[in-house]
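Rule-based calculations on the coordinates, nothing more; no lab input. Everything numeric in this text was worked out from a predicted model, so none of it was measured. Cβ sites come from the backbone with ideal geometry, for glycine too, and all protein chains shown count toward neighbours.
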C-alpha cells in the first residue's frame, strides 16, 4: 500500500473560506479555534508537515474581550533594536489604535514558529468591523 499525500495544486484548490464573528468572544478561546482552522487540524486528512488548513476571516475584532484583569495588566512589547528601545503598549491602547493586531498576535502565537507557520498566518484576515472584502470567495459562517 502507498500513502496518499495531496499535492500543492490540490491543496490550494480544496481550501475553504470561513467567517468567524469575534463579537463578545474571549480572545484566547477565539484564537485557539482560528488556529485549528488555519493549521488544518479539523481536517480528517491532516498531515503535520503540510499546510492543510483553510482560510479564515475574523470580523468584529473591535468587540472581542479579555477576561479578568488582562484588560488593565496585559502589555504588548516590541524592541526597536536600538539601545533602550523596548516599547510597551497596553491592551486598551492596542484595541483603540489597532484592534485587528490583537487577534493576529494571539493566533500567530498559537501556530508553529517555522516556514509552515508563516504560511498559515497568511491565510488569516482580520477586520475591526463587520464589513470584509472576501465575499467573492463565498465564505461559510461558523460559530465558535
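Which percent, nearest 5, of DSSP beta bridges in the chain are antiparallel?
Numbers: 5 of 17 bridges.
So the antiparallel bridges in the chain amount to around 30 percent.
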Q: Take the chain, connect every pair of alpha-carbon atoms lying under 10 Å apart with a spring to form a Gaussian network, then pick out the residue of 48, 83, 99 with the largest mean-square fluctuation.
A: 83
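Assign one of three labels to the range 86-144, namely rounded, prolate or oblate, based on the Cα gyration tensor with a ≥ b ≥ c the square roots of its eigenvalues; rounded applies when a/c is under 1.5, prolate when it is not and a/b is larger than b/c, and oblate otherwise.
Details: a/c = 2.38, a/b = 1.22, b/c = 1.95.
Taking the square roots of the gyration eigenvalues as a ≥ b ≥ c, the range 86-144 is oblate.
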Q: Report, to the nearest 10°, how far helix 27-39 tilts away from the longest principal axis of the Cα atoms in the chain, using its own Cα long axis and a range of 0 to 90°.
A: 30 degrees
Q: Report, to the nearest 10°, how far helix 99-108 tilts away from the longest principal axis of the Cα atoms in the chain, using its own Cα long axis and a range of 0 to 90°.
A: 50 degrees
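Show that you can apply the helix-only estimate: for the chain, add -39,500 (n - 2.57) for every DSSP H stretch of four or more residues, divide by all residues, and state [θ] at 222 nm to the nearest 500. Display every interim value, and only then the final one.
On the way: 6 runs with 48 residues, N = 144.
Theoretical 222 nm ellipticity from helices: -9000 deg cm²/dmol.
Mean separation of Cα pairs under 8 Å and 6+ residues apart, divided by the residue count of the chain: what relative contact order is that in percent?
32 percent
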Q.
Full-extension gain between residue 137 and residue 4, please, as 0.36 nm times their residue separation minus the C-alpha to C-alpha distance.
A. 45.1 nm
Q | the chain: Rg to Rh, with Rh as the Kirkwood radius over Cα pairs | A | 1.03
Q. Length gain on complete extension for the stretch residue 144 to residue 130, per 0.36 nm per residue less the alpha carbon to alpha carbon distance?
A. 3.4 nm
Q | Distance-filtered residues of the range 106-144 - backbone nitrogen under 14 Å, label point 7 angstrom along residue 43 Cα→Cβ | A | 116-117, 119-124
Q | Rough spin-label spacing in nm, given labels placed 7 Å along Cα→Cβ, for residue 89 and residue 118 | A | 2.1 nm
Q.
Considering all projection directions equally, how large on average is the shadow of the alpha-carbon convex hull of the range 1-84, in square nanometres?
A. 9.5 nm²
